[in-house]
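Comments concern the structure below.
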Amino acid sequence: MADGKDIREKAKSLWIKGMKAIGNTAASIANNTRYKVDEVTIQNRRREVLGDLANKTYALWLKGESFPESMTKMLDELKHLDETLNDMRAEKYAASLIGKETVSAEQPEEDLRMEDEEEDELTEDELNSPVSAEINGLFDNNTSVGKMADKVNSALSQMSDRIRSFPQENNEDKRQE
């Protein structure tokens, strides 16, 4: 009997040690995870603050505030890059306008009238389409929650009707075959 108690005590002791080890490991994993989450949260906030700082600094510099020489050089470069981007955008816009004028100058007047009529017909078709009506309704804020609920309910009832109209076959007949 003494041997049976010793084995039970040893098994119990091993079981308790194993559970403590698992608990310690789980606590360690939880602490490491909490640390990583906190670290990532702080890094993200740091990026946001740096971005805000950069934008505010640039805005102040454009208003005439003075900054140290090293920052002024970077701000000058940033201003130059902004101006270059604005010039590129203006050139692209001007080229698109010139392209339209060139195309219209090269085409005879009759062709232009026919294209205008075709465009008008296309526009009328688009305006009369159900898709266009829905889109316009969304942007015009004519749709209400009640209307949308009615549409959803009608779509669901149509689906239910279609499901009910499926031919019902006896599953037991199939299993016997």
Response to the item:
How many residues of the range 3-36 are over 49 Å from the mean Cα position of the chain (by Cα) and open to solvent by less than 70 Å² (accessible area, probe 1.4 Å)? The answer is 3
Worksheet, complete the sentence: From the option list GLU39, GLU48, single residue qualifying as open to solvent by 80 Å² or more (accessible area, probe 1.4 Å) and of a type in the set (Asp, Glu) is GLU48
Worksheet item: Hey, among the residues in the range 61-72 that are over 36 Å from the mean Cα position of the chain (by Cα) and in a helix (DSSP H, G or I), which one's surrounded by the fewest Cβ atoms within 10 Å (Cβ to Cβ)?
Response: GLU69
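The values are calculated or read from the model by the stated rules, or taken from the named source; none is laboratory data. All of these numbers come straight from a predicted model, not from anything done at the bench. We place every Cβ from the backbone using ideal geometry, glycine too, and count neighbours over all the protein chains shown. To get the accessible areas, we keep the full protein, side chains included, count just its heavy atoms, and leave off ligands, DNA and RNA. Shrake-Rupley method; radii C 1.70, N 1.55, O 1.52, S 1.80 Å.
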